[in-house]
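Taking it in order: structure first as structure tokens, then the write-up.
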Number of protein chains: 2
Amino acid sequence: MAISEAEAVVMDVLWREAPRTAEEILAEVGPAQAWQEGTVKSLLNRLLKKKAVHAERDGRRYLYTPLLTREQYVQQESKGLLDRLFGGRVAPLVAHFSEQRKLSKKDIAELRKLLQELDDEQR
Amino acid sequence: MAISEAEAVVMDVLWREAPRTAEEILAEVGPAQAWQEGTVKSLLNRLLKKKAVHAERDGRRYLYTPLLTREQYVQQESKGLLDRLFGGRVAPLVAHFSEQRKLSKKDIAELRKLLQELDDEQR
DNA sequence: CACGAACAATTACGCGTGTAAACATCAAAT
DNA sequence: ATTTGATGTTTACACGCGTAATTGTTCGTG
């Protein structure tokens, strides 16, 4: 089962640093999300059920560690979008952003560099 | 309100050709999705409610036309992903696929061409 | 040892979604 | 005019999600 958007917010905290307690997660996410303690606990429990995090008892509380890596998550999400909208091919996606003028100077420079590296690797 | 994945399947049919009747939509989508007539009707009604399609009476049935364009939809979806996962920047996204070896030769060629065109446009 | 504070687990609830059955309508055929 | 077939509309229902209140558990302290 896929992890939801709210759950991803929690994962994000754990990806930045782990292990963490529920309280620490709330502290980091609270301001932006205005969540209650209970909300974070629920999300953590759902993530546990989905095997996306691991919980280790530490005295009276738990320390949570991600099992699903950010790479894996990003992979799933972006592959999904790519397949659904761009026939699984990357170039049309970039072309789309290009048409929308969403490529910054920096993007362009980095893309150029990336292609250069692929080129170097090649020979 | 955003349009859901099942709804997007229906939109896809209409984006390929419109206007269409519910029956035609089912015929095109049925094999792949194994949906019943009622399912398609429900989806069409929800799309109507969301103002994503328009229905025009034609005798005893309706002809459905998309109001939301594919461009708009792709725009929303991909911007969402980009913002959530790559800080809104395109280059990191491409880098991601590159690391995953998901760039085909064709992708690379097309990206190169794209950058070339951006370059030409510049001067 | 009993109690309260700190945590976690369970339960709840409204909403959107996927899927469809049930119901309504209306034109065509008998 | 009545029935029937084609269509659309309404209602349904289980499930995941966002959000949280409620309940359970356990440790430290009086």
| request: In whole angstrom, note down how far apart the Cα centers of region B:51-77 and region A:36-99 are. | output: 32
| field | Shortest-first distances to equivalent copies, position B:Glu17, nm, label 7 Å out along Cβ | value | 5.9
| With all protein chains present, how much of the accessible area of region A:59-114 (probe radius 1.4 Å) comes from carbon and sulfur, to the nearest whole percent? | 55
| field | Other copies of A:Ser42: label-to-label distances in nm, shortest first, labels 7 Å along the beta-carbon direction | value | 2.4
| field | Over 19 Å (Cα to Cα) - which of A:Lys49/B:Lys102; A:Lys51/A:Lys79; A:Lys102/B:Lys105; A:Lys105/B:Lys113 fall in this group | value | A:Lys49/B:Lys102; A:Lys51/A:Lys79; A:Lys102/B:Lys105
| field | Candidates B:Leu68, B:Leu14, B:Leu85, ranked by Gaussian network fluctuation over chain B, Cα under 10 Å, top entry | value | B:Leu85
| task | Using only the Cα atoms of region A:1-121, construct the convex hull and provide its projected area averaged over every direction, in square nanometres to one decimal. | result | 10.3
| field | Value at 222 nm in deg cm²/dmol, rounded to 500, when DSSP H runs of n ≥ 4 in the protein assembly as shown each add -39,500 (n - 2.57) | value | -21500 deg cm²/dmol
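What is chain B's relative contact order, in percent, from Cα pairs under 8 angstrom and six or more apart in sequence? Before the final figure, lay out each step's value.
Numbers: 90 pairs, mean separation 24.2, N = 123.
Relative contact order here is 20 percent.
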| said: Run through region A:78-113 and list the trypsin sites (Lys or Arg not before Pro) located in a DSSP loop whose Cβ has at most 14 other Cβ atoms within 10 Å. | reply: A:Arg101
| said: Given the rotation that superposes chain A on chain B, what residue of A brings its beta carbon nearest the axis, and what is the distance in Å? | reply: A:Leu81, 3
| Angle, helix B:37-49 long axis vs. longest principal axis of chain B, Cα atoms, 0 to 90°, nearest 10? | 70
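The values are calculated or read from the model by the stated rules, or taken from the named source; none is laboratory data. Everything quoted here is computed from the prediction, not taken from an experiment. A quick note on method: Cβ atoms are made from the backbone with ideal geometry, for glycine too, and the neighbour counts reach across all protein chains shown. Side chains included, ligands, DNA and RNA excluded: accessible areas come from the protein's heavy atoms. Shrake-Rupley method; radii C 1.70, N 1.55, O 1.52, S 1.80 Å.
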